[in-house]
Amino acid sequence: MSDPRRILLVGATGLIGRTIIARSPDIGGISLQGLARREIPFPPGVRMELVLAKSDEWPGIITQLEPDAIISALGTTRKKAGSDEAFREVDHDLVLEVGKAAKAAGVKNFVQVSSVGADPFSRNAYLKVKGEAEKDLRALKLRRLDILRPSLLRGQRQNDLRPLEKLGQVAAPLGDLFLQGSKAKYRSIKAIDVADAALACAMQKAGGQFVHEHDSIMRLIRDFRRTLAEKVATQSG
């Protein structure tokens, strides 16, 4: 029996982070830890260590924990952060500090949950910051870097009211039908699908830098879930 892969989840309190935590009991071969600024309730069946600390202490904690992989699900909104500067501090500066700490700790896999349309030259402030975070993470030359670029997330957030997103979730199933070809990357996606894609990337063995938009994310999920099903079938047989 090989040792479980030690995965550190940074940004455990958001939609993707909470979904990864809820999914973890169903994934064999991993040991999940979380790093956050505040405590969160765990769903039934979840067994994981959650380290609570101020964000400026995170690099030191990452060095101490020495995880095999890090999933960065850090993210906020300009409205929630309170200003453009505060938004950038989370979605760029904190992400980059975590990436630097991962590099120093010899982390094998780094998974960044970004956004479709991320571009350091975008006129949209949100997409510009996301793109700059991606660019600066690439410059770190991590052993393996996977960047996930989902579009509209479908899932239930907690204590985070986003009326426009909620409206988009209602309309998404119909709207997705019209997003074909090069526009397919803008299709909505379930939070559990992004969670599984992030876990799949965290368990990859090959090195390199990879960007995954909608179709690529769905391929990751299919391969990941097929492998899980095969393992369950082997164990039950």
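Below, the figures for the structure above:
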{"quantity": "Pairs with Cβ under 7 Å, 6+ apart, first in the range 100-117 and at pLDDT 95 or above, second hydrophobic (A, V, I, L, M, F, W, C) and part of a loop (DSSP other than H, G, I, E, B)", "calculated": "Lys100/Leu140; Ala102/Leu142; Lys103/Leu140; Lys103/Leu142; Phe110/Leu142; Val113/Ala73"}
{"quantity": "Number of positions in the range 133-152 that are open to solvent by 20 Å² or more (accessible area, probe 1.4 Å) and out of contact with any Leu (no Cβ under 9 Å at 6 or more places or on another chain)", "calculated": "6"}
{"quantity": "All positions within the range 68-97 that are open to solvent by less than 10 Å² (accessible area, probe 1.4 Å) and touching a Phe, Trp or Tyr at 6+ places or on another chain (Cβ under 6 Å)", "calculated": "Ile70"}
{"quantity": "Scope the range 1-29; condition open to solvent by 30 Å² or more (accessible area, probe 1.4 Å), of a type outside the set (D, E, K, R) and more than 16 Å from Asp91 (Cα to Cα); matching residues", "calculated": "Met1, Ser2, Pro4, Ala22, Pro25, Gly28, Gly29"}
{"quantity": "Residue selected from the range 34-67 under the condition touching a Gly at 6+ places or on another chain (Cβ under 9 Å) and open to solvent by less than 50 Å² (accessible area, probe 1.4 Å), by the criterion farthest from Leu15 (Cα to Cα)", "calculated": "Ala53"}
{"quantity": "Selection within the range 25-65 - touching a residue at least 60 places away in the same chain (Cβ under 8 Å) and in contact with a Lys or Arg (Cβ under 9 Å, 6 or more places away or on another chain)", "calculated": "Gly28, Gly29, Ile30"}
{"quantity": "In the range 176-209, the residues that are open to solvent by 70 Å² or more (accessible area, probe 1.4 Å), out of contact with any Lys or Arg (no Cβ under 7 Å at 6 or more places or on another chain) and not in a helix (DSSP H, G or I)", "calculated": "Leu177, Phe178, Gln180, Lys205"}
{"quantity": "Helices (runs of 4 or more DSSP H) lying entirely in the range 1-106 (those with 1 or more residues that are more than 17 Å from the chain's Cα centre (by Cα))", "calculated": "58-65, 78-81, 84-88, 95-105"}
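The values are calculated or read from the model by the stated rules, or taken from the named source; none is laboratory data. From a predicted model like this one, the values you see are computed outputs, not experimental measurements. We place every Cβ from the backbone using ideal geometry, glycine too, and count neighbours over all the protein chains shown. Side chains included, ligands, DNA and RNA excluded: accessible areas come from the protein's heavy atoms. Shrake-Rupley method; radii C 1.70, N 1.55, O 1.52, S 1.80 Å.
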